[in-house]
1. How large is Rg/Rh for the range 57-143, to two decimals, with Cα atoms and a Kirkwood Rh?
2. Please sort 389-400, 346-357 by packing, taking for each peptide the average over its residues of neighbouring beta carbons within 10 angstrom, highest first.
3. Throw me the Rg/Rh for the range 353-448, computed over C-alpha atoms with Kirkwood Rh, two decimals.
4. At 37 °C and 0.692 mPa s, grab the translational diffusion coefficient of the range 203-358 from Stokes-Einstein with a Kirkwood Rh over Cα pairs, rounded to a whole number in µm² per second.
5. Quick check: Cα centre of the range 221-237 to Cα centre of the range 351-373, how many Å?
6. Give me Rg/Rg_expected for the range 348-391, where Rg uses Cα atoms only and Rg_expected = 2.2 N^0.38 Å with N residues.
7. What are the semi-axes of the equivalent ellipsoid of the range 181-260, taken as the square roots of 5 times the eigenvalues of the Cα gyration tensor, listed largest first and rounded to whole Å?
8. Take the alpha-carbon centre of the range 374-395, take the same for the range 292-339, and report the distance between them in whole Å.
Amino acid sequence: MKKVKFRHSTTRLLILSAIFLFSFSDFAFSQEGDVAPAEAQAQEEAATAPESDLGDPVNGKSLFNTLCAACHKPYSKGIGPALHGVTDKYSREWLNSWIRNSSAMIASGDAQAIAIYEEYNKTPMPAFPALTDVEIGDMLAYVETPKPEPVAAAGPAAAGETGAGVGGVSNNIILVILAFVLLMLLLILFLVNKTLRKFAVASGVELPAKKERGTPIWKAFVQNQFLVLVTSVIVLLAAGYFVYGFFMQVGIDQGYQPIQPIHYSHKIHAGDNQIDCKFCHSSARVSKHSGIPSLNVCMNCHISIGEVAAETATEEYSKEFYDNEITKLYDAVGWDPESQSYTGETKPVKWVRIHNLPDFAYFNHSQHVSVGQIDCQTCHGPIQEMEIVYQDAPLTMGWCINCHRETNVKMEGNEYYEKIHEELSNKYGVEELTAAQLGGLECAKCHY
């Protein structure tokens, strides 16, 4: 009889088909991803280039943000009224006079000026006598720009919510179809192989016999006592290493990144707006703890900032998302943006603590921040780049000791160390002293 060997050309066909299908899916998804940014860019250009008879809204936006944004908003109340639609209520001449010198109009007895002054708690409006009619027209053109419709942020989150894919078909559905096709190909391969074997047996074709197996590997391994001994030692050492590593990680929360009840972006505040960390965490200068900022600190700015600029939006976080978080802040402090007053109904915010040292370890923020003049980023990492804060350093005993050994203490202008600097410098024969040389490795410094 003739022996036959199967070359399994069907297997090769299956592999080629799978490569083709996945290549097609990648191409389709990339095409879908290329179209969305183009549409978004077109909408953005249409929204940022409105036409107006009053003036140039682009220049007006720049002037408005510089002179007026602290008290006014185009579409909602601030310290002053919402300005969208103001040209329908008042004449252009009246607006020019009011913007240049509102106090003079109130003193002259103008009824409209007095009504606005009384409605907004008799808060005086700064005078801008240097503004020209053209500049005022530009600002009016900006505030009269129609409110843009909210556009869903592009990116993975938006794509996941809409489920958009090729031709409006969900990406998940396409993946299910591809998986079904591959499963069918595997089934066909199995049936074809089985059928060919039956044909071979019916035709008297001798199939290649299975090779006789030798001694099983596990049996040969067990019979070799040297290999068993060496393997046992390696397994025990490896197990001990991993058990030791596991227990050494207990209580270490490096990378811990909880979700807070109100989203606070350090990237926007400390990064983009360059707000000093100690403006909010003022206790760090004088106290053991850095302190949780009171919501009144937030309201110093957000009493006027109820909405973020459109430029703040990213692929991951839309403008509507940030505005909603500001609404949560208002709800917590009991602030009514419509009446511009506090309701008296407050709610506690249950912030989630991120950095937490054991109770037996003493750490004083003021000693490091005020006396040692250490930057916050030394321990907390690039906080100005974090959208959601996480624990950057391990905060272990070894990590702190290494810092004390390597960090030179800043002596210039530091009265705390002036008296002992010269004595210790002579003792160690160095110009600069580390925290360790000042006693930073003594057990009682951190454990008492």
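1. Here Rg/Rh amounts to 0.92.
2. By packing density, highest mean first, the sequence is 389-400, 346-357.
3. On the Cα set of the range 353-448, Rg over Rh gives 1.00.
4. Taking Rh from Cα pairs, D becomes 148 µm²/s.
5. 49
6. Ratio of Rg to 2.2 N^0.38 Å for the range 348-391: 1.36.
7. 50, 31, 5
8. Value for the Cα centre distance between the two parts: 23 Å.
Every number here is computed from the coordinates shown, using simple stated rules; none is lab data. In this text the structure is predicted, and so the values were computed from the model without any measurement. Here the Cβ is made from the backbone with ideal geometry for all residues, glycine too, and neighbour counts use every protein chain on show.
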